[in-house]
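The values are calculated or read from the model by the stated rules, or taken from the named source; none is laboratory data. Owing to the predicted nature of the structure, the values given are computational and were not obtained by experimental measurement. Ideal geometry is used to build each Cβ from the backbone, glycine not excepted, and the neighbour counts take in all protein chains shown. The accessibility values were calculated without ligands, DNA or RNA, using every heavy atom of the protein model including side chains. Shrake-Rupley method; radii C 1.70, N 1.55, O 1.52, S 1.80 Å.
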Amino acid sequence: MSVAQLIHEGGLDGYYRFRDEAGNKPDEAQHDFHAYDLPEVQAQFVSEEGEGIKTARLSVQGIHCAACAWLIEQFLEKHPAVKSVRVNASNRSCILRWDSQQSRLSDLMAQVQRIGYKPQPEQQQQRQAQQRKETHLAMMRLGVAGIGMMQVGMVAVALYAGGIQGIDDYWQVFLRWVSLVIATPVVLFSARPFFHNAFRALKMGRLNMDVPVSLAISLAYGASAWATFTRSGEVYFDSVSMFTFFLLLGRFLEMRARNSSSFASENLQQLLPLSASRIHKNEKQAVPLAALKAGDRVWVASGETIPADGKLCSAFARVDESLLTGESKPQRKNAGDSLAAGTQVTDQALEMLVEATGSSTKLSAIENLVRQAGLEKPRQAALADRIAAHFVAAVLTVSVITGICWWFIDAEKAFWVVLSVLVVTCPCALSLATPAALTAGVNRARALGILITGPQAMEVLHKIDTVAFDKTGTLTEGKIHIQSLIFAEPEHSFNESEQEHLLDIIAALEKPSSHPIAAAFAQREQTVLSESTEVIAGQGVKGIVGGVEYRFGKPDFAVPGRRLDCPVKPAMWQLLARKEGDEYLALVWLGLNDNLRADALNSVDTLRSSRYSIALLSGDRASVVSEIASQLALPDALAELQPEQKLQWLQAQQQQGHKVLMVGDGINDVPVLSAADVSMAMGEATQLAQSKADSILLNGRLSTIPLLIELAHRVQRIVRQNLAWALLYNLLALPAAAMGLLPPYLAAIGMSFSSLLVVLNATRL
Amino acid sequence: MQSLLILIPLALIIVAIAVAIFLWAVKSGQYDDLDTEARRILFDEQKPQAEKQKNKAKNKVKNDGE
């Protein structure tokens, strides 16, 4: 049943009204969740309350907006065994309480999968808990600063009004004490990260934005407190609280924009099944993966993932190794050949002898490559940070000069003037300039259909000059289609009903096969039946349809004993033949191919006309790759690349000073995705590829990529405008403050106004 | 005017209580998801769920009765 039907029948049509963007199409491969019912496996993410009520913490891939969260909640709530379910759209987690006596967890997870989401146990709880704690703390600091700012502001109105109209000393002292009491927690609790960062920077001999911020806050607070105790001078408690709040708000927005995804907790080990069926005394028993040891014999059913490295014991098998090599066709393995963990068994179950598990597998070697690549990724200093260092030095110098000048003019006022210089130049707008634009940009990208997850993707994207694409699943759809059909006898006239009939016969023959070729026919309705069908691995299929034997497969299999030349057009050519007497008669050639995505050509052309150089990196065979490259008119097409060769190519480009955007989807792209300046995974990409990429192309439309790059340029323009405005404001206000002309309330209003302008400018995106 | 001497400290106490409630709310995870909760009010509640809650309430009554 289709997802849309399920949603409709559940009365959950509201989803379509509230969703932000088209959701993911559910994977065709439906996962089997039975392993999650094993108590050893559940121990990691399920807690029991007694009476069979259990709570599972799941992370659900595929949630993009609040409507998704609502849909999952509503859908699961209908299940009788579910006691409560809460889905968090921000970090894509789901807390599920259910009655384990009524339903197994695997059934509930399968339900979630039916509506198109991918549930899995929440892992690495420790790190997530850590992140949660940090967010909580940031929010508490922001809240305390906000409440404090408002309260002090209220008192400040009274003080300013008193300053204009005149106020009894008695009341002034009282109101100052009240301000002091409220501002103290703001400075000591809320502003602590600034002090901490400034201290750390100074200890390393560097200057950052937090240095003058800390200086301004601590001096302003200290002086105001002194003024309160000694009943002299001015108080700046309102300004202190306001800085703290606005600065924290900027940081908070930035943090939210940067932590917008929690894909980061993915790792390669999650590709492995949770359990394996070990053969013990001729009996199969399910054991958790962790219990598997070298020397065990393991049974792997067709379509399942091989749990460990080892040797094949069965006579032969076909294994999809695209994970490691990117090769789209399954590999034939004979008894004694080595098998790698994480690769998939295609059409035939196999028995294997385990040789290596866990961290000694080839899969772990890739993981190390990924980690290494991630470390070597070029780091980008944010524009604001670079400006900040100069700015900070300038502000400190100006403050000192002002201080010295005023010392000679009027020693009593010197301290207060220096302070107002620091206050007025508080880089509020400067520190809000980037995060405001970035947040707006990330939201805009989401509306385009791209989820930005990498911390600096937005900032680096506008510098890109090279775009590298993977082939299978990125430029192409990653599925085999019938591309062309040619009758074996050239003089045969084209006849549509005959063609359909022949395709029906092939579909009937391919029915029992689970070879990728068969998938190209799976959509066809069955009109004819094939009897005594036989799948000859690596060759083709044969069967009897309507009393006549047909063969479909490689040319020398379909018509044995004769050499037939494939048509010239490049594709994967298969032949259908009919038995006539003792001879086989060639009927029709079928050209199978992995189609280009509909908008691939268009997008590549758009990128090329904007003077980006474009490269194609593929692990697939050269003949297939060159065909695709010629369709797209790409001169730079590299075929048969191992993951580490892709990485080498990328690093060579980076050494030449190129900035590369890598678009890919497979596991074999993961190292290169981690190392690219900016990386993008397709929406259908493996979870691992998504977790290592800076952005995810949710809608699967390649034509969005040029739009995103254009957006990144606009974001950068807004950032520059904002920074320019912030600097201009500071430059204008600085002389006024240095001459002692600017009263504190004007400085505060000016600062808020400039911050507001920066935020409003960002919303133009 | 002298009433301010009582009213302002009183206001401070109320602010302190408000801050304490806010801190509690953050700690108990009420601000963890700023995206979903903002929209939850817009989604219509479904009938089956309402019935389920009713059933739950009924069961509770029954259990209490026993």
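Out of A:Ala629, A:Ala652, A:Ala615, I need the residue that is open to solvent by less than 20 Å² (accessible area, probe 1.4 Å), at pLDDT 85 or above and part of a helix (DSSP H, G or I). Which one? Don't jump to the end; show me each part of the working.
Values: A:Ala652 fails: open to solvent by less than 20 Å² (accessible area, probe 1.4 Å); A:Ala615 fails: part of a helix (DSSP H, G or I).
Testing whether each residue is open to solvent by less than 20 Å² (accessible area, probe 1.4 Å), at pLDDT 85 or above and part of a helix (DSSP H, G or I) leaves just A:Ala629.
Please go through region A:193-227 and pick out each residue that is under 38 Å from the mean Cα position of the chain (by Cα) and surrounded by fewer than 14 Cβ atoms within 10 Å (Cβ to Cβ).
Hits for region A:193-227 are A:His196, A:Phe199, A:Arg200, A:Lys203, A:Met204, A:Gly205, A:Arg206.
The rows are residues; the columns are (1) under 45 Å from the mean Cα position of the chain (by Cα); (2) open to solvent by less than 90 Å² (accessible area, probe 1.4 Å); (3) modelled with pLDDT of 75 or more.
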| site | (1), (2), (3) |
| --- | --- |
| A:Gln523 | yes, no, no |
| A:Ser530 | no, yes, yes |
| A:Val535 | yes, yes, no |
| A:Lys542 | yes, yes, yes |
| A:Val548 | no, yes, yes |
| A:Asp556 | no, no, yes |
| A:Val559 | no, yes, yes |
| A:Arg563 | no, no, no |
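Is it the case that some residue within region A:115-137 is surrounded by fewer than 19 Cβ atoms within 10 Å (Cβ to Cβ), closer than 24 Å to B:Ile13 by Cα and within 11 Å of chain B (Cβ to nearest Cβ)?
Yes; the residues of region A:115-137 include at least one that is surrounded by fewer than 19 Cβ atoms within 10 Å (Cβ to Cβ), closer than 24 Å to B:Ile13 by Cα and within 11 Å of chain B (Cβ to nearest Cβ).
Quick check on A:Gly683: is it open to solvent by 10 Å² or more (accessible area, probe 1.4 Å) and either touching a residue at least 60 places away in the same chain (Cβ under 8 Å) or over 13 Å from A:Ala457 (Cβ atoms) (or both)? Walk me through how you get there before you give the answer.
Details: open to solvent by 10 Å² or more (accessible area, probe 1.4 Å): no; either touching a residue at least 60 places away in the same chain (Cβ under 8 Å) or over 13 Å from A:Ala457 (Cβ atoms) (or both): yes.
Against the criterion (open to solvent by 10 Å² or more (accessible area, probe 1.4 Å) and either touching a residue at least 60 places away in the same chain (Cβ under 8 Å) or over 13 Å from A:Ala457 (Cβ atoms) (or both)), A:Gly683 does not qualify.
Just to be sure I understand, how many residues within region A:530-552 are in contact with a Gly (Cβ under 9 Å, 6 or more places away or on another chain) and over 19 Å from A:Phe316 (Cα atoms)?
9
For region A:708-727, how many residues meet the condition of being open to solvent by 10 Å² or more (accessible area, probe 1.4 Å) and in contact with a Ser or Thr (Cβ under 9 Å, 6 or more places away or on another chain)?
Matching residues across region A:708-727 total 2.
Spot the failing condition for B:Ala11; the list is (1) open to solvent by less than 60 Å² (accessible area, probe 1.4 Å); (2) in contact with a helix residue (DSSP H, G or I) (Cβ under 7 Å, 6 or more places away or on another chain); (3) modelled with pLDDT of 85 or more, and only one is missed.
For B:Ala11, the exception is condition (2).
How many residues, within region A:151-180, are within 9 Å of chain B (Cβ to nearest Cβ), surrounded by fewer than 21 Cβ atoms within 10 Å (Cβ to Cβ) and within 17 Å of A:Ala191 (Cα to Cα)?
Total meeting the criteria: 0.
For A:Trp406, state whether it is open to solvent by 10 Å² or more (accessible area, probe 1.4 Å) and modelled with pLDDT of 80 or more.
Values: open to solvent by 10 Å² or more (accessible area, probe 1.4 Å): yes; modelled with pLDDT of 80 or more: yes.
Considered against the rule, which asks whether it is open to solvent by 10 Å² or more (accessible area, probe 1.4 Å) and modelled with pLDDT of 80 or more, A:Trp406 comes out as yes.
Output the residues belonging to region A:61-84 that are in contact (Cβ under 8 Å) with a residue 60 or more places away in the chain and either part of a strand (DSSP E or B) or within 19 Å of the chain's Cα centre (by Cα) (or both). It would help to see each step written out before you state the result.
We begin by selecting, within region A:61-84, every residue in contact (Cβ under 8 Å) with a residue 60 or more places away in the chain; these are A:61, A:64, A:71, A:74-75, A:78.
Hits for region A:61-84 are A:Gln61, A:His64.
Condition check ((1) open to solvent by 50 Å² or more (accessible area, probe 1.4 Å); (2) of a type outside the set (A, V, I, L, M, F, W, C); (3) modelled with pLDDT of 65 or more) across all residues:
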site: A:Phe246; (1), (2), (3): no, no, yes
site: A:Gly250; (1), (2), (3): no, yes, yes
site: A:Arg297; (1), (2), (3): yes, yes, yes
site: A:Ala308; (1), (2), (3): no, no, yes
site: A:Thr325; (1), (2), (3): no, yes, no
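Just to be sure before I move on: is B:Ser3 more than 8 Å from chain A (Cβ to nearest Cβ), closer than 25 Å to A:Val85 by Cα, at pLDDT 50 or above and open to solvent by less than 90 Å² (accessible area, probe 1.4 Å) in the structure I sent? Spell out the reasoning first.
Working: more than 8 Å from chain A (Cβ to nearest Cβ): yes; closer than 25 Å to A:Val85 by Cα: no; at pLDDT 50 or above: yes; open to solvent by less than 90 Å² (accessible area, probe 1.4 Å): yes.
Answer is no for this residue.
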